[in-house]
Each structure stands twice: as C-alpha cells, then as structure tokens.
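The values are calculated or read from the model by the stated rules, or taken from the named source; none is laboratory data. Given the structure is predicted, the values throughout are model-derived calculations rather than measurements. Don't worry about glycine lacking a Cβ; one is built from the backbone with ideal geometry, like all the others, and counts go over all protein chains shown.
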Amino acid sequence: MKYEEVTLDKFTVVGISVRTTNQNHQSQDDIVKLWQAFFRNGIIQSLPNKVSDDIYCIYTDYESDYTGEYTTVIGYKVTDAESIPTNLSLTIKQIPESKYYKYISEGELPYAVGRTWAHIWQSDIDRRYLADFDVYGEDAKDPANARITTFLSIK
C-alpha cells in the first residue's frame, strides 16, 4: 500500500471519546457507537473555532501498541480550545508535531479504512504510537465511494 511521509504541525481537536481495545473486536462496537453519538450530538456540530467541517477520528493515549487499550476521539480541528465550554463533557486533545505516514483509502465505508488499518497492523512499521488519525473531508461524504486520509505517527 502506498504512503507518503509528511510532518504535521501541532493542532487541537475537540470531540467525544471512548477508551477501547482491539481485543475481541471491542473497538469495532465501541467506535461504531461513538460515531452514532457524534452525529446525534448537535453541540459538537456547532463548535466555536472549527477550522473546517472535516471530521477527525483520532487514536491516541496508547497503553502499549495497537493490541492494548487506547482512546478514540471523534471531533473537529479547532483554532482555539479556550472558548469551549467546560460543562459539555467534551474531550480536548492536543496533537503534537510529528512525522507521519499518510495513506489514502478509497472505496466503500467503513471497509476502505479497515483495509488500510489491516495493512498497517500487519506491517513492521516503526510506529510512534503518539496519535494516529483518519480525516473525513468533503471526499468522504459519499459512503459508497469515499476517500479518507489516514495519518500514522512514526519515529
């Protein structure tokens, strides 16, 4: 699978989160429920200081590697999290500057993204396990023919 090495500046994402694991396919259930909650949550849709309508699905706070527990955050990149009301129970995640492998997944959702992650998990990439994420932009709106960008933190 093709990828491009890129360096991204630090940024902030605000959204909702769940702690999960890939063991026994737990993450599949947890992340589906998180997506459902995300689309039901009108507060998130109207966040102040959103950079764009691109949706970020971040995998971070790894216990060890992809076989251990980690946190998934679904939300929006913001210019400033200071104005986010603290009573909304939202997760604010600062993603530090890092090098990434950038992959493009194309096809039907969620299978296209699943194929990319299956490839990553079966590879011997020297991962940083800092914060990995998928970006669902304008090209991801047609679930039958979507284009999603995946960023994998590397050393």
Practice prompt. Name the single residue, out of those in region 21-43 being among the small types (Gly, Ala, Ser) and at pLDDT 90 or above, that is surrounded by the fewest Cβ atoms within 10 Å (Cβ to Cβ).
Written response: 37
Discussion item. Among the residues of region 31-56, what is the count of those that are part of a strand (DSSP E or B) and not hydroxyl-bearing (Ser, Thr, Tyr)?
Written reply: 5
Worksheet item: Which of the following residues is assigned to a strand (DSSP E or B) and either touching a residue at least 60 places away in the same chain (Cβ under 8 Å) or more than 16 Å from the chain's Cα centre (by Cα) (or both): 59, 70?
Response: 59
Discussion item. Being touching a residue at least 40 places away in the same chain (Cβ under 8 Å) and loosely packed, with under 12 Cβ neighbours inside 10 Å: is that true of residue 94 here?
Written reply: yes
Practice prompt. Would you mention how many residues in region 73-91 are surrounded by fewer than 16 Cβ atoms within 10 Å (Cβ to Cβ), touching a residue at least 40 places away in the same chain (Cβ under 8 Å) and either within 17 Å of the chain's Cα centre (by Cα) or not in a loop (DSSP other than H, G, I, E, B) (or both)?
Written response: 1
Discussion item. So, in region 124-138, how many residues would count as being in a loop (DSSP other than H, G, I, E, B) and either among the charged types (D, E, K, R) or surrounded by fewer than 13 Cβ atoms within 10 Å (Cβ to Cβ) (or both)?
Written reply: 3
Practice prompt. Name, by its number, the condition in (1) within 30 Å of residue 48 (Cβ to Cβ); (2) of a type outside the set (A, V, I, L, M); (3) not in a strand (DSSP E or B) that does not hold for residue 117.
Written response: (1)
